[in-house]
Amino acid sequence: MRLRHKPWAKEKLMQYPQYVIQNPEEKKGKWRNVFNNENPIHIEVGTGKGQFIVGMGKANPDVNYIGIELQDSVIVSALDQLIEEELPNVKLLNFDGENLKNYFEKGDVERIYLNFSDPWPKNRHEKRRLTFKSFLKLYEDILINGGEIHFKTDNQGLFEYSLKSFSEYGLLLKYVSLDLHKSDFLDNIMTEYEEKFSARGQRIYRCEVQYQNSIQKTEVLNERMSE
Ligand code: SAM
């Protein structure tokens, strides 16, 4: 997401520690204390301006949400929405999703959302895609057993790549839609990019995938080998 540089953004993010977690390493394994409840934690990597994570927080008060975004000039818009809505169940992290293991331990997170992730179309940039196998391992290391990834994109190439990557990793494909806005999925909360691309008539792809335990994973992989 390209945006005007906002030199004041970093300072503003620091002024709202109730919404923007400044020292996530210290919260590792203790996120229940941050939210003051035992509700499940869902995170979004690459939250952008936060329309999705704030919308989800409003729609599902019994789930805790954490939006993670690299760019301070972008995530500051998510903070503005949180200040307005005063949601206790949504927090923000202005950090790199590559370092998730520094902030979360195994079992801290129940679900990961990836929405309109940067496609990195060149082959030599494959490792940067948030659905590359090293990221899938990273997510596995912080998710509960049987945790899920919910992924949306307008980019057909990235979607096809990601389905293959999920499948090769042994993830179970629970739900796939090749045209989300014409599907029967009713609980969709649109992201900023989703609004922009669907207004141009572009279709939106969506899937839900689930991690398997090692026995289930071997079964899934064996089944695929025999196809
Ligand atoms: N999810 C939003 C939406 O759908 O409107 C934003 C999509 S934008 C194409 C991708 C966002 O992911 C950018 O804001 C970018 O800064 C962020 N991003 C990319 N890699 C990231 C990483 N490793 N950690 C955190 N954020 C990342």
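Residue check: is LEU114 in contact with a Phe, Trp or Tyr (Cβ under 6 Å, 6 or more places away or on another chain), open to solvent by less than 60 Å² (accessible area, probe 1.4 Å), over 21 Å from LYS27 (Cβ atoms) and part of a helix (DSSP H, G or I)? Outline the logic, then answer.
Numbers: in contact with a Phe, Trp or Tyr (Cβ under 6 Å, 6 or more places away or on another chain): yes; open to solvent by less than 60 Å² (accessible area, probe 1.4 Å): yes; over 21 Å from LYS27 (Cβ atoms): yes; part of a helix (DSSP H, G or I): no.
No; evaluated as a whole, the condition is false for this residue.
With respect to ARG124, determine if the residue is crowded, with 19+ Cβ neighbours inside 10 Å and basic (Lys, Arg).
No.
Restricting to helices (runs of 4 or more DSSP H) lying wholly in segment 1-102: which have 1 or more residues that are within 12 Å of the ligand (Cβ to nearest atom), farther than 24 Å from SER134 by Cβ and open to solvent by 10 Å² or more (accessible area, probe 1.4 Å)?
Passing ranges, in order: 51-59, 72-85.
Among the candidates ARG224, ARG206, single out the residue that is at pLDDT below 95 and either within 16 Å of the ligand (Cβ to nearest atom) or in a helix (DSSP H, G or I) (or both).
Only one candidate qualifies: ARG224.
Residues checked against (1) exposed (fewer than 14 other Cβ atoms within 10 Å of the Cβ); (2) assigned to a helix (DSSP H, G or I); (3) within 14 Å of the ligand (Cβ to nearest atom); (4) of a type outside the set (Asp, Glu):
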residue: LEU130; (1), (2), (3), (4): no, no, yes, yes
residue: TYR139; (1), (2), (3), (4): no, yes, yes, yes
residue: LYS152; (1), (2), (3), (4): no, no, yes, yes
residue: LEU158; (1), (2), (3), (4): no, yes, yes, yes
residue: TYR161; (1), (2), (3), (4): no, yes, no, yes
residue: ASN188; (1), (2), (3), (4): no, no, yes, yes
residue: LYS196; (1), (2), (3), (4): yes, yes, yes, yes
residue: GLN212; (1), (2), (3), (4): no, no, no, yes
residue: GLN216; (1), (2), (3), (4): no, yes, no, yes
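The values are calculated or read from the model by the stated rules, or taken from the named source; none is laboratory data. This structure is a prediction, so every number in the text was calculated from the model and none was measured. Reconstructed Cβ throughout: ideal geometry from the backbone, glycine too, with neighbour counts over all protein chains shown. Quick note on the areas: whole protein, heavy atoms, side chains included, nothing else; ligands and nucleic acids left out. Shrake-Rupley method; radii C 1.70, N 1.55, O 1.52, S 1.80 Å.
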